[in-house]
Amino acid sequence: MTLTLMSDAIVATLLVITIFYAARLSRRLAALRADKAELKTLVASLAAASASAEGGIRALKAAAGNVGQDLDAKVQRAKSLRDDLVYLADRAATTADRLESTLRPRPEAPAADAPRSRAGEAPRPTAAATRPAAAEPKREAKGNVIQEMVSRLAAAQPSRSERDLARALAGRR
């Protein structure tokens, strides 16, 4: 009996140890189950955040594509306008040169019969100086055109280049 009693005592001791480990395992499994619920909510929120991020990336790609197309269109339009402005500037320079050459007073050669003034005396008027104003209608018309251009440019809100042109034309009169 001693053998049976000893074997029962060993089995009872092993059962107590097993119960102790089972209770400990049960607590750990309960903690794991609680963490599992938190983990599920964490995974669900992570999935929602990644779906939202993917949608945002798609929207950013679409917006970048649209902005790129708009920018290309504006660059093409700007290049076209630049070419037009270069052409207009060249034409304006040519026109300004022509205007300058037509407005520049031609030096009159002194006439052989023109009276010369003596030192300290006021010069006598020549025939060209005593000509009536109607004798120079062409020059007066050009002055009117320039005056009209200057007044038109002054009336509008001119750009810097237009103001410079107006000053240059006013100075050339």
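The values are calculated or read from the model by the stated rules, or taken from the named source; none is laboratory data. Keep in mind that this is a model prediction, so the values were computed, not measured. Here the Cβ positions follow ideal geometry from the backbone for every residue, glycine too, while neighbour counts run over all protein chains shown.
Here are a few things to note about the model shown:
- Test: residue in the range 72-79 that is over 30 Å from Glu162 (Cβ atoms) and surrounded by 10 or more Cβ atoms within 10 Å (Cβ to Cβ): yes
- Identity of the residue in the range 80-124, under 28 Å from Leu165 (Cα atoms) and loosely packed, with under 10 Cβ neighbours inside 10 Å, that ends up modelled with the highest pLDDT: Ser101
- In the set Asp90, Asp72, Asp84, only one residue is farther than 30 Å from Leu169 by Cβ, without any contact (Cβ under 8 Å) to a residue 12 or more places away in the chain, charged (D, E, K, R) and in a helix (DSSP H, G or I); that residue is Asp72.
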